[in-house]
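The values are calculated or read from the model by the stated rules, or taken from the named source; none is laboratory data. Please read all numbers here as calculations on a predicted model, not as lab measurements. Ideal geometry is used to build each Cβ from the backbone, glycine not excepted, and the neighbour counts take in all protein chains shown. Heavy atoms of the whole protein, side chains included, go into the accessibility calculation; ligands, DNA and RNA do not. Shrake-Rupley method; radii C 1.70, N 1.55, O 1.52, S 1.80 Å.
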Amino acid sequence: MLNIVLFGPPGSGKGTQAEKLIDKYKLTHVATGDILRDEVDRQTDLGKQAKVIMDAGELVPDNIVIDMIRKKLEEHKGGPGFIFDGFPRTVDQARELRKALSKYDENVSIVISLEVPKEVLMERMLKRGKETGRSDDNEETINNRIDVYERQTVPVTYYYDKKHVHVSVDGVGTIEEIFKRIVKKIEEFETYH
Ligand code: ADP
């Protein structure tokens with residue numbers, strides 16, 4: 001299986017690039033933010049709890065997202081692979097992902113970081129907020145999401161650096177340009193690993 005972790009700060013374009021990678025490699029999309037937003041829309045108990053946390057720009061508890069991941073792995077095991085988008089966001093989530101995949105004799109093939117400067121992130125998310133009405137795309141929540149990313153999520157890159165599966169891609173440019181950079185990294189990686 002090809003199991004990709006698409007990594008990067010909020011607004012770095014993970015969702016957009018995930019869609020293109022799914023098209024090319026026929027992977028199963030696992031986007032914890034999308035799954036949580038679906039729970040919010042359906043007004044489930046979990047959705048009601050998650051909404052408050054998401055609107056504050058904080059992270060939903062690890063055990064909740066890990067359960068979601070386990071379910072997805074079981075549903076789609078034996079397929080071409082997964083693309084994890086917005087997960088793992090803490091080192092504990094990364095450790096649990098490793099354990100969950102090992103049950104299927106699988107592991108994370110590659111972690112691709114999209115690098116985008118803060119000013120660009122801010123601009124993109126404010127624009128998205130205006131266009132879609134996404135409730136966490138307002139200036140105050142965005143600032144906290146970037147803060148939370150730096151404090152809790154960046155350490156995940158050190159975890160994957162140690163496992164030698166982490167690569168970075170310049171996330172500024174057209175969607176197509178960035179996609180080509182990502183595909184090139186995946187192909188290089190498959191050749192040498
Ligand atoms: P973005 O990457 O633009 O912040 P997401 O859709 O990935 O958007 O996430 C939106 C919100 O959902 C996060 O701010 C967080 O509250 C929650 N969330 C998503 N994924 C996770 C996760 N893996 N762990 C904890 N919380 C998560």
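Results, tabulated for the structure shown:
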| quantity | calculated |
| --- | --- |
| Segment Asp34-Glu190, extension gain: residue separation times 0.36 nm, minus the distance between their alpha carbons | 53.3 nm |
| Residue-normalised accessible area of region 2-188, expressed per residue, 1.4 Å probe, Å² | 51 |
| Rounded to 5, percent antiparallel among DSSP beta bridges of the chain | 0 |
| Alpha carbon centroid spacing (whole Å) that separates region 11-44 from region 132-158 | 17 |
| Taking region 2-188 and dividing mean pair separation by its residue count, relative contact order in percent (alpha carbons under 8 Å, at least six apart) | 33 |
| Low-density loop positions, trypsin sites (Lys or Arg not before Pro), region 102-181 - DSSP coil, at most 14 other Cβ in 10 Å | Lys103, Lys163 |
| Greater than 27 Å apart at Cα, pairs in Lys51/Lys162; Lys14/Lys130; Lys20/Lys130 | Lys51/Lys162 |
| Theoretical ellipticity at 222 nm over the chain - DSSP helices of four or more residues, -39500 (n - 2.57) apiece, nearest 500 | -18000 deg cm²/dmol |
| Exposure ranking of Tyr160, Tyr104 by accessible area [1.4 Å probe, largest first] | Tyr104, Tyr160 |
| In order through region 102-108: 3J(HN,Hα) via Karplus (6.51 cos²θ - 1.76 cosθ + 1.60), integer Hz, x for Gly, Pro | 5, 4, 9, 6, 10, 8, 6 |
| Sorted largest first, extent of the chain alpha carbons per principal axis (Å) | 43, 37, 30 |
| Gain in span if fully extended, Thr16 to Asn144, counting 0.36 nm per residue against the direct Cα distance | 43.9 nm |
| Residue-by-residue Karplus 3J(HN,Hα) for region 63-78, coefficients 6.51, -1.76, 1.60, Hz, glycine and proline x | 4, 5, 6, 5, 4, 4, 5, 4, 4, 4, 4, 5, 5, 10, 4, x |
| ³J(HN,Hα), Karplus 6.51/-1.76/1.60, whole Hz, each residue of region 120-137, x for Gly, Pro | 5, 4, 4, 4, 4, 6, 5, 5, 4, x, 5, 6, 10, x, 4, 6, 9, 8 |
| Efficiency of FRET between Lys127 and Tyr25 - r from beta-carbon atoms, R0 30 angstrom, step 0.05 | 0.55 |
| Added length on full extension, which subtracts the Cα-Cα distance from 0.36 nm per residue, Lys180 to Ser102 | 25.1 nm |
